[in-house]
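Here's the structure, in structure tokens; my notes come after.
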Amino acid sequence: NDTVLLLQQLESVWKEMERCLGEGYCRALGVCNFNVVALQRLLLVCSSTKKPVVNQVERHVLCPQWDLLAFCNSHGILLQARTTSTTTTLLGQGKQE
């Protein structure tokens with residue numbers, strides 16, 4: 001089953017990331033483009049003291065992701081917004097070439 005394999009890989013990779021954190025190779029752990037379901041799965045495998053500090057996702061007026069923001073806030077995970085240049089063009093604020 002692909003889902004089981006993916007969860008096993010996620011757990012394996014996260015444990016290595018926790019090891020790097022514990023050995024001082026980094027100061028914090030974060031993820032990118034994790035939705036609520038992916039974060040829920042990650043929180044099942046990570047230790048409570050080594051959960052992700054930040055989740056960087058696309059978030060803007062056309063893609064507010066309120067449910068993800070609420071989930072991250074409730075679990076002490078910062079939600080870092082990023083956007084693409086396409087978004088500003090759609091909003092009429094960017095240059096079109």
Heavy-atom accessible surface of the range 10-91: percent carbon and sulfur, 1.4 Å
57 percent
Sparse-neighbourhood loop hits (chymotrypsin sites (Phe, Trp or Tyr not before Pro), the range 1-83; DSSP loop; Cβ within 10 Å at most 15 others) -> Tyr25
Given a Förster distance of 25 Å, the FRET efficiency implied by the Cβ-Cβ spacing of Arg82 and Ala28, rounded to the nearest 0.05, works out to 0.90
Please list, by residue number, every one of the trypsin sites (Lys or Arg not before Pro) in the range 24-75 that is coil in DSSP and has at most 11 other beta-carbon atoms within 10 Å.
Arg27
So how long is each side of the range 1-67 along the principal axes, counting just the alpha-carbon atoms, biggest first, in Å?
40, 34, 16
Amide H neighbours of Leu78 under 5 Å, counting only residues 5+ apart in sequence or on other chains, H built in-plane at 1.01 Å?
Val54, Asn55
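The values are calculated or read from the model by the stated rules, or taken from the named source; none is laboratory data. What you see is a predicted model; the values in this text were computed from it and never measured. Note that each Cβ is placed from the backbone with ideal geometry, even for glycine, and that neighbours are counted across all protein chains shown. For the accessible areas, the whole protein counts, side chains as well, though only heavy atoms, and no ligand, DNA or RNA atoms are used. Shrake-Rupley method; radii C 1.70, N 1.55, O 1.52, S 1.80 Å.
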